[in-house]
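The values are calculated or read from the model by the stated rules, or taken from the named source; none is laboratory data. Treat the numbers as computed from the prediction; the structure is a model and nothing was measured. Here Cβ is always computed from backbone atoms with ideal geometry, including for glycine, and neighbour counts include all displayed protein chains. To get the accessible areas, we keep the full protein, side chains included, count just its heavy atoms, and leave off ligands, DNA and RNA. Shrake-Rupley method; radii C 1.70, N 1.55, O 1.52, S 1.80 Å.
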Amino acid sequence: MGAADQRFFDALRQAHFPPARNVLSAHLTLFHQLPPSCLAELDRLLKAIVADGPPPATVSDIFSLGGGVAYRVDSPELLAIREYIADWFAGSLSAQDRGIPRLHITVQNKVESAQARALLAELRRDFHPRPLSIVGLAAHHYRGGPWETAVTRNFRGRR
């Protein structure tokens, strides 16, 4: 995300995510698990993808996760990028990653449903759909807690 969007969603996570579970910055997940053996190929693929401009995206809604709250993100172009990557690595995708993701930014999770409902109501009071800046794509290694950045590529072109 762009810097202003990153600050906004990180602040919401800081305020509403259980501290012991808040080990990530705010993010959009395109894949949950690509094999580490794909990393060099993924880096080359991302380098080609980011030569184009960033995909337009909209924060379109806020919704319940049951025990948390997330902002829905609409971006057909980002989903098309994701589909291209998925097709490239089709034989290596986990069952979870074979489906099409529901793009979202989680700002609260793993709390009691009453707490989540209260936050959802609070955030919806002042919510208006708005553009979301997508500045790049990244891949991370999961190391049992904090995530370690493996690849980061920023969009360079204009769309």
- [ ] Sort region 43-90 into rounded, prolate or oblate with this rule: let a ≥ b ≥ c be the square roots of the eigenvalues of the Cα gyration tensor; rounded if a/c is under 1.5, and if a/c is not under 1.5, prolate when a/b is larger than b/c, oblate otherwise.
- [x] prolate
- [ ] For the chain, with all protein chains present and a 1.4 Å probe, just round the carbon and sulfur fraction of the accessible area to a whole percent.
- [x] 51 percent
- [ ] Take every Cα pair under 8 Å in the chain that's 6+ residues apart, average their separations, divide by the length, and report that relative contact order as a whole percent.
- [x] 35 percent
Task: Residue-span extension gain [Phe31 to Gln115] - 0.36 nm each, minus C-alpha spacing - done: 27.4 nm
Task: Per residue accessible area of the chain, 1.4 Å probe, in Å² - done: 58 Å²
TODO: Within region 26-108, report the trypsin sites (Lys or Arg not before Pro) that DSSP leaves as loop and that have at most 12 other Cβ atoms within 10 Å.
DONE: Arg102
- [ ] With a/c under 1.5 counting as rounded, go ahead and sort the chain into rounded, prolate or oblate using the C-alpha gyration tensor (a ≥ b ≥ c being the square roots of the eigenvalues; past the cut-off, prolate if a/b is larger than b/c, else oblate).
- [x] prolate
